[in-house]
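Following: one structure in structure tokens, then a few remarks.
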Amino acid sequence: MDMTQIAIAAAVVAGSGLLLGILLGIAGKLLAVAVNEKEVAIREFLPGANCGGCGYAGCDAYAEAVAAGNAPATLCSSVNSEDVKKIGEILGQDVGEVVRRAAVVRCSGSYDHTGVKYEYEGIETCEAAAMAPGGGPLKCQYGCLGYGSCAKVCPQQCIEIVNGVAVVDRDRCIACGKCVDACPKNLIMIQPADQPYTVFCSSHDKGKAVKAVCDIGCIGCGICAKNCPVNAIQMDNDLARIDPDICISCGVCAEKCPVKVIY
């Protein structure tokens, strides 16, 4: 190959590279995604845990929804009131106060209050134990199985098993809901973190049937509902439920409960 051919080949390669660079530059301009500065600014105030507790796939998706006006700025329990106000400043509006939420395990059936029907020797997870005969080895078919499946999925490590029952540290909980999904007995619910009174039971049995398996279970008597001055308590299939939006925290229900399962 003589020098002329080499020069031609080099020119072709250089020209092709230049043309490709120009085409990529044009494509980059045409396909560029516009950056929403509000979305980026809001994202800075979110924790980055991507827990989904707000109802969105992650912090990026939530920031996008808030910036677009499709979601309130108060859904993330990990964002404090001061940062929520700053998000409001970014949006140019008053977004209200954040209501911090936390998980609560609606069961009081510790080893001191209930017992077992048989010795369970299977896989030590709540999911496996719940599939055992009778809904598990516990006398109460509705109670916490105590194998800690909820604690294992908690990203904050704020759940521990105490005397056979899962207990949530509300100060550390970010209300992601992973524990709710992990509990095969549906014992865990997300509620306002400062809600003072909760019915710590999930049994739908009544009276003697409850007392036979747990001495602190809700017996479905309805005394709490009858004495609530604002009708914040309803009986759901023989189980008392407190509506946090109506409750005025007077404490009458806890005082009147004969088995002291409201506390």
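The values are calculated or read from the model by the stated rules, or taken from the named source; none is laboratory data. Every value quoted in this text rests on a predicted model; they were computed, and no experiment measured them. Ideal geometry is used to build each Cβ from the backbone, glycine not excepted, and the neighbour counts take in all protein chains shown.
The rows are residues; the columns are (1) surrounded by 15 or more Cβ atoms within 10 Å (Cβ to Cβ); (2) modelled with pLDDT under 95; (3) under 28 Å from the mean Cα position of the chain (by Cα).
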{"site": "Cys218", "(1), (2), (3)": "yes, no, yes"}
{"site": "Ala225", "(1), (2), (3)": "yes, no, yes"}
{"site": "Cys228", "(1), (2), (3)": "yes, no, no"}
{"site": "Ile233", "(1), (2), (3)": "yes, no, yes"}
{"site": "Ala240", "(1), (2), (3)": "yes, no, yes"}
{"site": "Ile246", "(1), (2), (3)": "no, yes, yes"}
{"site": "Glu255", "(1), (2), (3)": "no, no, no"}
{"site": "Pro258", "(1), (2), (3)": "no, no, no"}
{"site": "Val261", "(1), (2), (3)": "yes, no, yes"}
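Being without any contact (Cβ under 8 Å) to a residue 12 or more places away in the chain, small (Gly, Ala, Ser) and either out of contact with any Ser or Thr (no Cβ under 7 Å at 6 or more places or on another chain) or not assigned by TED's automatic domain parsing to the domain that holds Ile262 (or both) is a property that Ala182 lacks.
Are any residues in the range 96-129 surrounded by 17 or more Cβ atoms within 10 Å (Cβ to Cβ), modelled with pLDDT under 90 and not charged (D, E, K, R), and if so, which ones?
At the first step, the residues of the range 96-129 found to be surrounded by 17 or more Cβ atoms within 10 Å (Cβ to Cβ) are 98, 100-110, 113-114, 120, 126, 129.
After this cut, where a residue has to be modelled with pLDDT under 90 as well, the list is 98, 100-101.
Matches in the range 96-129: Val98 only.
Among the residues of the range 111-128, those identified as touching a residue at least 24 places away in the same chain (Cβ under 8 Å) and either closer than 24 Å to Asp194 by Cα or assigned to a helix (DSSP H, G or I) (or both) are Cys126, Glu127. Taking the numbered list (1) touching a Phe, Trp or Tyr at 6+ places or on another chain (Cβ under 6 Å); (2) within 24 Å of Val66 (Cβ to Cβ); (3) assigned to a loop (DSSP other than H, G, I, E, B) in turn, Ser108 passes all entries but (2). Of the residues making up the range 42-84, those that are without any contact (Cβ under 8 Å) to a residue 24 or more places away in the chain, charged (D, E, K, R) and either surrounded by 17 or more Cβ atoms within 10 Å (Cβ to Cβ) or on the phi > 0 side of the Ramachandran plot (or both) number 1. The set of residues in the range 54-68 being within 15 Å of Val84 (Cβ to Cβ) and in a loop (DSSP other than H, G, I, E, B) consists of Cys54 alone. Scan the range 73-90 and give yes if some residue there is aliphatic (A, V, I, L, M), touching a Gly at 6+ places or on another chain (Cβ under 6 Å) and outside any helix (DSSP H, G or I), otherwise no. No: the range 73-90 contains no residue that is aliphatic (A, V, I, L, M), touching a Gly at 6+ places or on another chain (Cβ under 6 Å) and outside any helix (DSSP H, G or I).
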